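What follows is a short report on a single structure.
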Amino acid sequence: MSAIGTYFAYPWCWSLLAALPLLWWLLRQREHQRWRLAGALAGFAGVQLAQHGGRYWRAACVLSSALATIVASTGPQWGSDPKQRLARGRDLIIALDISRSMLAEDRTDPQGERLLARLQRAKMYLSQLLEVVSRRGGHRIGLVWFAGHARLVCPLTDDYEHLRTMLELAHPDYWGPAGRLALTEHGAIGTSLRAALQVSWRAHDPQAKDFQDILLITDGDDQDSDPTDIVRQIHARGIRIHALGIGREEPAYIPGTEPGRWLEINGQPITTRRHDALLAHLAQNGGGQYLAEENFAQPLVSWYLDYLQKQPQREWSPLGPPRPQQHAAIFFTAALILLLIAFV
């Protein structure tokens, strides 16, 4: 938007200024006729009045009133509209891994009473984050589910309750095998960090440049091609990429589709482990941070308080981009006052 468009809502109305010279000429002609008539009626005293009186003050008031009306018609605007609620925050896209490897149970709950699946723990950490963010407000958060494919299931929003609902629904069986697995020339793949990053990138709002983050929540058990190139492209656009590693470095079995059975290939159980080196590498190239879940009691809350909340934030409005305050009434009022002075 140009500077003129920033300060005037209807800049084309400035073209009405072309009519002011004609208006000034018509007013002068009217004043000439009025004073000639007054002189003819009042004689010599009237001529003296015409010479020493303010012959054009009435025309000047009318012309100034017309100018003020044109300025008002352009929609002068500056400052911020006090009626528009503004918030301060960043845009965060969370990419949550819902591949079957996230069903591996390799850590206990905080009380140490039972094993929790990786996906269960990821949901718990995200619920803790949303609880803290909802108390502060201001941040827009979106949610991407990914396995072999990736889909945006919740666009950027400050409706954290809707986010909680979509978080609860996250599960590998929600899509089924056809929705999870991606077919490539090398065969079917169940986890693609590249797909997750591409969808997360597209989900960001270009108007929020330099106030954007992507958070990968995954075990890093990637089966697609190396995503380093896309990470660097995303970071070059001003978006930082962070990762929360879920799982353990020691192998764990993946639950199968039938209770009590493991996922198998050729009769052998499939194992999965957390890939710290890959996730740390992606976070480093993405200008972000890598967190291993065991290093914090509430890893995402710690990341939010120690890092995200301290980053630069922008003003935005749930009703759209911040609107400037309109000031046309000032100029319309001035126009009316000048007209009253001219004819009273």
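The values are calculated or read from the model by the stated rules, or taken from the named source; none is laboratory data. Note that the structure is a prediction, hence the values are computed from the model and not measured. Neighbour counts run over all protein chains shown; Cβ positions are idealised from the backbone, glycine included.
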- Item | Residues of the range 310-325 satisfying the condition of being modelled with pLDDT of 80 or more and surrounded by 15 or more Cβ atoms within 10 Å (Cβ to Cβ) | 313, 314
- Would you say residue 220 is in contact (Cβ under 8 Å) with a residue 40 or more places away in the chain, farther than 24 Å from residue 139 by Cα and crowded, with 19+ Cβ neighbours inside 10 Å? yes
- Item | Members of the range 99-154 found to be more than 32 Å from the chain's Cα centre (by Cα) and more than 20 Å from residue 270 (Cα to Cα), listed by number | 108, 109, 110, 111, 112, 113, 114
- Within the range 242-266, can you find the residues that are of a type in the set (Val, Ile, Thr) and exposed (fewer than 11 other Cβ atoms within 10 Å of the Cβ)? 257, 265
- Message: Among the listed residues 34, 58, identify the single one that is more than 30 Å from residue 121 (Cα to Cα), among the basic types (Lys, Arg), assigned to a helix (DSSP H, G or I) and modelled with pLDDT of 70 or more.
- Response: 58
- Message: Checking residue 176 against (1) exposed (fewer than 14 other Cβ atoms within 10 Å of the Cβ); (2) modelled with pLDDT of 90 or more: exactly one of these is not met. Which one?
- Response: (2)
- Message: Checking residue 315 against (1) outside any strand (DSSP E or B); (2) in contact with a strand residue (DSSP E or B) (Cβ under 6 Å, 6 or more places away or on another chain); (3) among the acidic types (Asp, Glu), only one condition comes out false. Which one?
- Response: (1)
- Would you confirm whether any residue within the range 93-114 is in the same structural domain as residue 195 (by TED's automatic domain parsing), hydrophobic (A, V, I, L, M, F, W, C), surrounded by fewer than 22 Cβ atoms within 10 Å (Cβ to Cβ) and closer than 26 Å to residue 272 by Cβ? yes
- Go through the range 85-116 residue by residue and tally those that are free of Cβ contacts under 8 Å to residues at least 24 places away in the same chain and at negative phi. 7
- Message: Restricting to the range 281-297, give me the number of residues that are in contact (Cβ under 8 Å) with a residue 12 or more places away in the chain, surrounded by fewer than 18 Cβ atoms within 10 Å (Cβ to Cβ) and of a type in the set (S, T, N, Q).
- Response: 1
